[in-house]
Amino acid sequence: MSTTKVPSPEQLAQLSLKELPDNLCDFGYKVLTTNDTIEKAILTQQAFKAWNSGQITKITATSNRKERIEPPLIPARPKNLQTVAPKDVPKRGAGSVQNRVALLHSISHMESYAIDLSWDILVRFACLDFLPVEYFEDWLRVADDEARHFFWLENRLMELGSFYGDLPGK
């Protein structure tokens, strides 16, 4: 069982933003190359907080948004996460605790991929200088929502004696 404690909103608010990226694309690249899903979610919430507080105000590291930043082809995934073909994942319902854990794990898997997808879109299209800042703010907001959902699910999995990565995902 995982011993990682999911941070509370109060703990997240106290996290220092020192030595973290000064622009959204670098935050996104850091998230996409981080293999720990809890760390991805924390970084996402830090980026959202930093953007909304004005601590970071740039989409990219330079003012030239025409410079293309290539996200990784495949985002980093947790080392403990076993992925299998959808046909190899057992059918599950919500009747037993074991089935609820399996269902929550499956949804957690979707949320972790949604965090990466949001950041991939933000980073991939940052070079399109005709896109307004609101486009990137919207995707940052989506990433933050997905991170929050992931934390809710991870907390519930921990209450049930499990954690994300405990079961195979598809």
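Here H105 meets the list (1) closer than 21 Å to W51 by Cβ; (2) not in a loop (DSSP other than H, G, I, E, B) almost entirely, failing just condition (1). Among the residues examined, I115 qualifies as in contact (Cβ under 8 Å) with a residue 12 or more places away in the chain, β-branched (V, I, T) and surrounded by 21 or more Cβ atoms within 10 Å (Cβ to Cβ).
Here P168 meets each of (1) free of Cβ contacts under 8 Å to residues at least 60 places away in the same chain; (2) open to solvent by 50 Å² or more (accessible area, probe 1.4 Å) with one exception, condition (1).
Looking across region 132-162, the residues that are touching a Ser or Thr at 6+ places or on another chain (Cβ under 7 Å) and open to solvent by less than 30 Å² (accessible area, probe 1.4 Å) come down to A143, D144, A147, F150, L153, E154, L157. Any chance region 117-125 includes a residue that's in contact with a helix residue (DSSP H, G or I) (Cβ under 9 Å, 6 or more places away or on another chain), at pLDDT 95 or above and among the aromatic types (F, W, Y)? Yes, there is a match, as at least one residue in region 117-125 is in contact with a helix residue (DSSP H, G or I) (Cβ under 9 Å, 6 or more places away or on another chain), at pLDDT 95 or above and among the aromatic types (F, W, Y). Among the residues that make up region 150-157, is at least one of them over 15 Å from the mean Cα position of the chain (by Cα) and either farther than 19 Å from Q46 by Cβ or among the aliphatic types (A, V, I, L, M) (or both)? Yes, some residue in region 150-157 is over 15 Å from the mean Cα position of the chain (by Cα) and either farther than 19 Å from Q46 by Cβ or among the aliphatic types (A, V, I, L, M) (or both).
Counting the residues of region 81-114 that are at pLDDT 85 or above and of a type in the set (V, I, T) gives 3.
Take the conditions (1) touching a Gly at 6+ places or on another chain (Cβ under 6 Å); (2) surrounded by fewer than 16 Cβ atoms within 10 Å (Cβ to Cβ); (3) within 28 Å of W51 (Cβ to Cβ); N80 misses just one of them, which is (3).
The values are calculated or read from the model by the stated rules, or taken from the named source; none is laboratory data. None of these values were measured; they are calculated from a predicted model. Positions of Cβ are backbone-derived with ideal geometry, glycine not excepted, and every protein chain shown enters the neighbour counts. Quick note on the areas: whole protein, heavy atoms, side chains included, nothing else; ligands and nucleic acids left out. Shrake-Rupley method; radii C 1.70, N 1.55, O 1.52, S 1.80 Å.
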